[in-house]
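A.B. asks: Sharing a structure with you now.
Just so it is clear, none of the values below were taken in a lab; they were calculated from the coordinates. Quick caveat: nothing in here was measured; it's all calculated off a predicted structure. Backbone-built Cβ (ideal geometry, glycine too); neighbour counts: all protein chains shown.
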Amino acid sequence: MSIEIDILNGDASWPMAEPLLQAVWAPQFVAGKPWAHVKWANADLRVLVETPEDGLVCHVGIYFRTITWNGQKVHIGGIGGVSTREDQRGRGYATVAIDAAVHTMRANEAVRFALLVCEPHNFAFYEARSWLPFKGEVYCEQPEGRIRFTYMAPYVFHIVRAPTLGTIDLCGLPW
Ligand SMILES: CC(C)(COP(=O)(O)OP(=O)(O)OC[C@H]1O[C@@H](n2cnc3c(N)ncnc32)[C@H](O)[C@@H]1OP(=O)(O)O)[C@@H](O)C(=O)NCCC(=O)NCCS
């Protein structure tokens with residue numbers, strides 16, 4: 001089996017990623033979630049995993065942002081929109097795509113750590129991949145203003161550090 005892993009500009013690759021993301025995060029599925037109304041940031045880059053037989057099978061969005069941690073500016077990376085086509089799960093595609101995203105974030109020398117937010121059913125998935133629960137508070141922007149983000153749990157990944165306590169302000173939309 002051969003797979004191709006591309007890391008592309010987020011906006012330019014949106015048309016390629018959109019059908020997969022619409023299938024995994026279908027409007028009727030999202031509508032029932034407490035976070036259905038949340039406005040999310042657009043990915044700066046996207047990891048796209050493709051196979052010759054099945055086309056696009058997995059997507060991971062990559063984000064870069066200068067946030068504040070306990071009031072101090074810190075440049076971080078992040079991942080979001082982690083999605084594998086339903087009939088292609090359990091083959092290691094998300095693992096490969098997340099590894100590629102972490103590699104890309106590490107290559108950006110300014111990045112101190114990475115952050116994601118996820119629902120409880122994915123805690124074990126990320127913990128098995130060395131992501132640590134962030135136990136402090138996370139704030140972000142929404143169209144109505146600055147809010148404390150409590151819809152999903154934050155996880156951090158060690159790049160040069162991995163703070164798990166304190167207050168993070170994403171200084172923009174969440175991802
Ligand atoms: C979560 C998701 C991206 C995993 O994609 P995938 O390509 O199947 O992942 P991989 O094949 O790399 O890894 C699957 C492995 O993780 C395990 N796994 C998958 N989901 C898990 C979960 N929620 N909790 C714990 N382990 C999980 C599988 O058992 C498998 O383990 P193994 O490698 O020991 O066999 C996929 O299930 C998905 O798209 N889910 C819906 C969208 C979603 O929830 N995305 C995450 C947003 S934060």
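A.B. asks: Considering only strands (runs of 3 or more DSSP E) fully contained in the range 1-69, which possess at least 3 residues that are farther than 23 Å from Arg106 by Cα?
C.D. replies: In the range 1-69, 55-69 are the strands (runs of 3 or more DSSP E) which contain 3 or more residues that are farther than 23 Å from Arg106 by Cα.
A.B. asks: Has the range 121-136 got any residue that is surrounded by 14 or more Cβ atoms within 10 Å (Cβ to Cβ), closer than 20 Å to Val30 by Cα and of a type in the set (A, V, I, L, M)?
C.D. replies: No, because not a single residue in the range 121-136 is surrounded by 14 or more Cβ atoms within 10 Å (Cβ to Cβ), closer than 20 Å to Val30 by Cα and of a type in the set (A, V, I, L, M).
Table: residues versus (1) touching a Lys or Arg at 6+ places or on another chain (Cβ under 9 Å); (2) of a type in the set (Gly, Ala, Ser); (3) farther than 22 Å from Tyr155 by Cβ.
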{"position": "Met16", "(1), (2), (3)": "yes, no, yes"}
{"position": "Val30", "(1), (2), (3)": "no, no, no"}
{"position": "Ala41", "(1), (2), (3)": "yes, yes, no"}
{"position": "Asp54", "(1), (2), (3)": "yes, no, yes"}
{"position": "Gly81", "(1), (2), (3)": "yes, yes, no"}
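A.B. asks: Please go through the range 104-120 and give me each residue that is within 15 Å of the ligand (Cβ to nearest atom) and either crowded, with 16+ Cβ neighbours inside 10 Å or polar (S, T, N, Q) (or both), ordered by number.
C.D. replies: Ala114, Leu115, Leu116, Val117, Cys118 - these are the residues of the range 104-120 that are within 15 Å of the ligand (Cβ to nearest atom) and either crowded, with 16+ Cβ neighbours inside 10 Å or polar (S, T, N, Q) (or both).
A.B. asks: Now for a separate question. If Val47 satisfies every condition in (1) surrounded by fewer than 17 Cβ atoms within 10 Å (Cβ to Cβ); (2) over 27 Å from Thr167 (Cβ atoms) but one, which is the exception?
C.D. replies: (1)
A.B. asks: Also: Of all residues being over 15 Å from the mean Cα position of the chain (by Cα) and more than 10 Å from the ligand (Cβ to nearest atom) in the range 127-137, which is nearest to Thr84 (Cα to Cα)? Just the residue, please.
C.D. replies: Here the residue is Lys135.
A.B. asks: Go over the candidates Ala124, Ala101, Ala97 one by one and state the one that is part of a helix (DSSP H, G or I), within 9 Å of the ligand (Cβ to nearest atom) and either in contact (Cβ under 8 Å) with a residue 24 or more places away in the chain or farther than 22 Å from Leu165 by Cα (or both).
C.D. replies: After applying the criteria, what remains is Ala97.
A.B. asks: To continue, here is another question. Starting from the range 27-43, keep only residues that are within 21 Å of Arg65 (Cα to Cα), then list their pairs with residues that are acidic (Asp, Glu) and assigned to a loop (DSSP other than H, G, I, E, B) whose Cβ atoms are within a distance under 9 Å, requiring at least 6 positions of separation or different chains.
C.D. replies: Pairs found: Asn42/Asp11; Ala43/Asp11.
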